[in-house]
Amino acid sequence: MPRVIINFLNGSSIAFTCVFSLGHVVIAASVVYVITGATLLESGVVALIEPSINAVWLYILHKLWKRYYGT
C-alpha cells in the first residue's frame with residue numbers, strides 16, 4: 001500500500017470519519033431495502049439524504065449548545 005494512504009489511515013480523524021460515514025450509508029441503505037422493499041437506488045438515496053440532514057442538524061445543535069452552555 002502506498003505510504004500516503006498508510007499515513008492517511010494511521011490515526012487520522014478524517015479517515016475514521018470517512019470509513020464511519022461509508023459504513024453508515026451502507027447500513028442505512030440495507031435497512032431501508034430490507035424493511036421497505038424499496039429498490040437499491042431508492043434505498044441509496046435515502047441513505048445519502050438522511051445523514052446529510054443529520055449533519056446540518058448537528059451543526060445547528062452544536063452552535064446553539066455553545067451559545068447557551070459554553071464550550
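Quick note: the coordinates plus some simple rules give every number you see, no bench work behind them. The shown structure was predicted, so the numbers you read here are calculated from the model rather than taken from an experiment. Glycine gets a Cβ as well: all are built from the backbone with ideal geometry, and neighbour counts include every protein chain shown.
How high is the FRET efficiency between V31 and W65 when r is their beta carbon distance and R₀ equals 35 Å, given to the nearest 0.05?
Values: r = 29 Å, r/R0 = 0.82.
Efficiency at R0 = 35 Å is approximately 0.75.
Using semi-axes √(5λ) of the Cα gyration tensor in Å as the read-out, say which of [x] 20, 14, 10; [y] 22, 14, 11; [z] 27, 24, 7 was calculated from these coordinates.
Recomputing semi-axes √(5λ) of the Cα gyration tensor in Å here gives the entry labelled [z].
In whole Hz, with x marking every Gly and Pro, tabulate ³J(HN,Hα) for segment 39-56 from phi via Karplus 6.51 cos²θ - 1.76 cosθ + 1.60, θ = phi - 60°.
Along segment 39-56, the couplings run 5, 5, 5, 4, 4, x, 5, 4, 5, 8, 6, 4, x, 5, 5, 4, 5, 5 Hz.
Okay, helix-only estimate at 222 nm for the chain: each DSSP H run of n ≥ 4 adds -39500 (n - 2.57), divide by all residues, round to 500 deg cm²/dmol; what do you get?
Theoretical 222 nm ellipticity from helices: -29500 deg cm²/dmol.
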